[in-house]
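**Q** Supplied in structure tokens, the structure appears directly below.
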Amino acid sequence: MLRRPRRNRNSPTIRNLTQETLVTTRDLVFPLFLLEGSGNRSEVSSMPGIFRFSLDQMLTEIEQCMSLGVKSFDIFPVVEESYKDKMATNSYQKDFFYLKSLAAIKKEFPEAHIITDVAMDPYSVDGHDGIVQDGKILNDETLEVLGKMALAQAETGVDMIGPSDMMDGRVAYLRKVLDENGFTEVGIMSYTAKYASAFYGPFRDALDSAPKFGDKKTYQMNPANRREALIEGQLDFEEGADVLMVKPALAYLDIISDLKETYPLPIAAYNVSGEYAMIKAAGERGWLDPKRSMEESLTAIKRAGADIILTYFAKEYALILKNRQI
């Protein structure tokens, strides 16, 4: 036999030399959950090892992650019910704890890359990503609220906004609002192909942001659809997005690959809460090796074409890499 592929698998050294895909801390974004107040740190019951942090605790967490090489963070607010209304008005009030905390984080860690979430659901009594009227989600009216939210976030000094709402035309609208107000350098990581997935459950537990009625299928994508993601990608590309995201990641590796091959922009993938929770739960029961499963999952996401991976494994994976170097 002239070809014996096993020759390139004979030892750890040759396997390392021929490895095609390598995940490093430079690929990772760590999603964090922000609480109001101080001295607060509470674990998300459905996401072992993941916590909600008040600002002081989050600053410590970010400092630890930065020392491990994880330098990009996507920060989501945990909003008490008393702050919520139908129009998400607290999302753009300058004295609201989320906005004040973002400014404090950027002041403390100017070198950190901070991404924010732009959507109504954390602030809405309805728990939906847009304005609800007579049981329907209003698209164009929602854009005005998202614009106010994005502008307020940009004013805190953050580096990138992440519209996760899936309203039509929101990238162009937000780009126009940012540019007209002098924030031309604030990037947009668009949730381009965000599917109406069953894998979001633990995240909604963390933020208490589940819809109060119905579901999100009129704006999030049908998991059965592949070509539709290319339509969303084309729109976001033309409207000025800087990064295109696929969410979730593991069940949508084909979508990650499609966007990577089609558009000349960085592709992000969100390794979502349910994907994290499955590995953690199975690991706790001894059904699989959680460390190997984590590494294999992250490698698969990058192999599919993701340039950026948002993952709750970011700090844990960074610790593993550090220990390997010792």
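The values are calculated or read from the model by the stated rules, or taken from the named source; none is laboratory data. Given the structure is predicted, the values throughout are model-derived calculations rather than measurements. Neighbour counts are summed over all protein chains in view; Cβ atoms, including those assigned to glycine, are modelled from backbone coordinates with ideal geometry. With ligands, DNA and RNA removed, areas are computed over all heavy atoms of the protein, side chains included. Shrake-Rupley method; radii C 1.70, N 1.55, O 1.52, S 1.80 Å.
**Q** What whole-number distance in Å separates the alpha-carbon centres of region 32-48 and region 127-155?
**A** Rounded to whole Å, the Cα centres lie 26 Å apart.
**Q** Quick one: with all protein chains in place, what share of the accessible area of region 197-291 is carbon or sulfur, to the nearest percent (1.4 Å probe)?
**A** 54
**Q** Follow-up. What ranking of 25, 13, 262, 142 comes out by heavy-atom accessible area, probe 1.4 Å, highest first?
**A** 13, 262, 25, 142
**Q** Do any of 94/194; 260/280; 260/302; 94/247; 216/302 go past 22 Å between their Cα atoms, and which?
**A** 94/194; 260/280; 94/247; 216/302
**Q** Hand me the chymotrypsin sites (Phe, Trp or Tyr not before Pro) from region 189-274 located in a DSSP loop with no more than 10 other Cβ atoms within 10 Å, in residue order please.
**A** Those that pass, being in a loop and sparsely packed, are 213.
**Q** Can you tell me the FRET efficiency between residue 1 and residue 303 if r is taken as the Cβ-Cβ distance and R0 is 30 Å, rounded to the nearest 0.05? Before the final figure, lay out each step's value.
**A** Values: r = 27 Å, r/R0 = 0.91.
Result of the calculation: an efficiency of 0.65.
**Q** Then there's this: How about region 36-131: which trypsin sites (Lys or Arg not before Pro) there lie in a loop by DSSP and see at most 12 other Cβ atoms within 10 Å?
**A** 94
**Q** Please tell me the relative contact order of the chain in percent, rounded to the nearest whole number, where contacts are Cα pairs under 8 Å and at least six residues apart.
**A** It comes to 18 percent, rounded to a whole number.
**Q** Okay, next question. Given a Förster distance of 35 Å, report the FRET efficiency between residue 141 and residue 319 from their Cβ-Cβ distance, rounded to the nearest 0.05.
**A** The pair residue 141/residue 319 has a calculated efficiency of 0.20.
**Q** Something else: Less than 14 Å Cβ to Cβ from residue 304, Lys/Arg counted +1 and Asp/Glu -1: what total charge do the surrounding residues give?
**A** Details: positive: 226, 247, 260, 302, 303; negative: 20, 27, 254, 258, 261, 275, 296, 307.
Cβ neighbours under 14 Å give a net charge of -3.
**Q** Given labels modelled 7 Å from the Cα in the Cβ direction, how far is it in nm from residue 295 to residue 262?
**A** Computed distance between label sites residue 295 and residue 262 equals 3.4 nm.
**Q** Turning to a different aspect of this structure: Given R₀ = 35 Å, what would the calculated FRET efficiency be for residue 113 paired with residue 179, taking r from the Cβ atoms and rounding to 0.05?
**A** The computed FRET efficiency comes out at 0.95.
**Q** Out of (i) 60, 42, 38; (ii) 68, 46, 40; (iii) 58, 45, 38, which label holds the value of Cα extents along the principal axes in Å that was computed here?
**A** Read-out taken from this structure: (ii).
**Q** Give 84/107; 136/217; 100/176; 84/212 a once-over and call out the pairs whose C-alpha atoms are over 18 Å from each other. Don't skip to the end; give the middle numbers.
**A** Working: 84/107 28 Å; 136/217 11 Å; 100/176 24 Å; 84/212 12 Å.
Flagged as over cut-off: 84/107; 100/176.
**Q** Kyte-Doolittle mean at least 0.5 and Cα extent at least 20 Å along the axis: which DSSP H helices of the chain qualify?
**A** Values: long enough: 139-154 (22 Å, 0.02).
Sorted by number, there is nothing, because no helix extends far enough and scores high enough.
**Q** Please give the per residue accessible area of region 36-181, computed with a probe of 1.4 Å over protein heavy atoms only, in Å².
**A** 40
**Q** How much accessible area does residue 63 have with a 1.4 Å probe, in Å² rounded to the nearest 10?
**A** 110
**Q** Taking the Cα centroid of region 251-326 and of region 81-123, what is the distance between the two, rounded to the nearest whole Å?
**A** Each part's Cα centre sits 27 Å from the other's.
**Q** Test of understanding: in a Gaussian network model of the chain with alpha carbons linked when under 10 Å, which of 198, 112, 103 would top the mean-square fluctuation ranking?
**A** 198
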